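*Asks:* Structure below; questions to follow.
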Amino acid sequence: MIFRVDKLHKAYGDRPVLSEVDFELTTGQIMAVFGRNGSGKTTMFDCIGGLKKADIKLFWNRERIKPGDLFNQKLLGYVPQNPFLPLHLRVRVLISVYLSDVKLQEELFYDPIIAEINGRFIGQLSEGQRKYLELCLVGQLQRPLLIMDEPFTMLEPQQIDQAKMQIRKWSARSAILISDHYYSHVWGLCHKHMIIDQGYGKMVNTLEDLSSMGYLPHTQ
């Protein structure tokens, strides 16, 4: 699969948020998206998914596609920043409802982190446990394009290590876009790196490139 974003532009009234963003991803590639708070990372993800209207051209295997069709045709899995799981269900019930394939369900039931929480209600989970569960549920959908907005936020070190292992596994069948404020979580995980700077998407190759653009990445 080849996925391309061409000339993404988004403005709120007279205020441009994204002036021009272009990139291409193929199956197996993971791309990190950096940028300060308010730089437009989440806006970019929402525009790609058709959740926000924008001037944008999307291409799927060189053919033009509408942003909303990525969801409609089950091509896109999206892990947003904000929680989205119902609090009244137990984890094991939610997994069974969310995933129709029994093999994919069992893979999560045997995950060491989820195995410890599968009898609890979603509302009883810590923020890190809930976030990890959200990440795994979306990843297990086997969509050819995955977007993960700040997926490591609130995760404990063990959860981060396990999440990275899962993301590498999913990349065998998906192209993945991922953002995080902690560059150390994603730099070595990703094949491509882009920074959103003053509305423009700019590819970077080294951490020195990030620093030269005035971006001071966080560590943890």
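The values are calculated or read from the model by the stated rules, or taken from the named source; none is laboratory data. In this text, all values refer to a predicted model and were calculated from it rather than measured experimentally. Methodologically, a virtual Cβ is constructed for each residue, glycine included, from the backbone with ideal geometry; neighbour enumeration extends over all protein chains shown. Heads up: the accessible areas ignore ligands, DNA and RNA and are worked out on the full protein's heavy atoms, side chains in. Shrake-Rupley method; radii C 1.70, N 1.55, O 1.52, S 1.80 Å.
*Asks:* Using the structure shown, decide if residue 210 is part of a helix (DSSP H, G or I), of a type in the set (A, V, I, L, M) and more than 15 Å from the chain's Cα centre (by Cα). Walk me through it before giving the result.
*Replies:* On the way: part of a helix (DSSP H, G or I): yes; of a type in the set (A, V, I, L, M): yes; more than 15 Å from the chain's Cα centre (by Cα): yes.
Considered against the rule, which asks whether it is part of a helix (DSSP H, G or I), of a type in the set (A, V, I, L, M) and more than 15 Å from the chain's Cα centre (by Cα), residue 210 comes out as yes.
*Asks:* Inside segment 135-149, can you point out the residues that are open to solvent by less than 10 Å² (accessible area, probe 1.4 Å), over 11 Å from the mean Cα position of the chain (by Cα) and not aliphatic (A, V, I, L, M)? Don't jump to the end; show me each part of the working.
*Replies:* Initially, segment 135-149 is screened for residues open to solvent by less than 10 Å² (accessible area, probe 1.4 Å), giving 135-140, 145-149.
If we keep only those that are over 11 Å from the mean Cα position of the chain (by Cα) as well, we get 136-137, 140.
Answer for segment 135-149, where residues must be open to solvent by less than 10 Å² (accessible area, probe 1.4 Å), over 11 Å from the mean Cα position of the chain (by Cα) and not aliphatic (A, V, I, L, M): 136, 140.
*Asks:* Going residue by residue through segment 112-120, is there one that turns out to be crowded, with 16+ Cβ neighbours inside 10 Å, free of Cβ contacts under 8 Å to residues at least 40 places away in the same chain, polar (S, T, N, Q) and outside any helix (DSSP H, G or I)?
*Replies:* yes
*Asks:* Restricting to segment 175-192, and then to whatever is in contact with a helix residue (DSSP H, G or I) (Cβ under 8 Å, 6 or more places away or on another chain) and not in a helix (DSSP H, G or I), can you tell me which residue is most open to solvent (accessible area, probe 1.4 Å)?
*Replies:* Applying the first criterion (in contact with a helix residue (DSSP H, G or I) (Cβ under 8 Å, 6 or more places away or on another chain)) to segment 175-192 yields 176-180, 183, 185, 187, 189.
From what's left, not in a helix (DSSP H, G or I): 176-180, 187, 189.
On the way: 176: 0, 177: 0, 178: 0, 179: 0, 180: 6, 187: 48, 189: 11 Å².
The selected residue is 187.
*Asks:* With the requirement that a residue be assigned to a helix (DSSP H, G or I) and either β-branched (Val, Ile, Thr) or under 19 Å from the mean Cα position of the chain (by Cα) (or both), what does segment 76-106 give you? Give the steps one after another, and end with the answer.
*Replies:* Of all residues in segment 76-106, those assigned to a helix (DSSP H, G or I) come to 91-98, 102-106.
Those that are assigned to a helix (DSSP H, G or I) and either β-branched (Val, Ile, Thr) or under 19 Å from the mean Cα position of the chain (by Cα) (or both): 91, 93, 95, 97, 98, 102.
*Asks:* Could you look through segment 34-50, keep only residues that are modelled with pLDDT of 95 or more and outside any helix (DSSP H, G or I), and pick out the one that is farthest from residue 151 (Cα to Cα)?
*Replies:* Per the criteria, the residue is 50.
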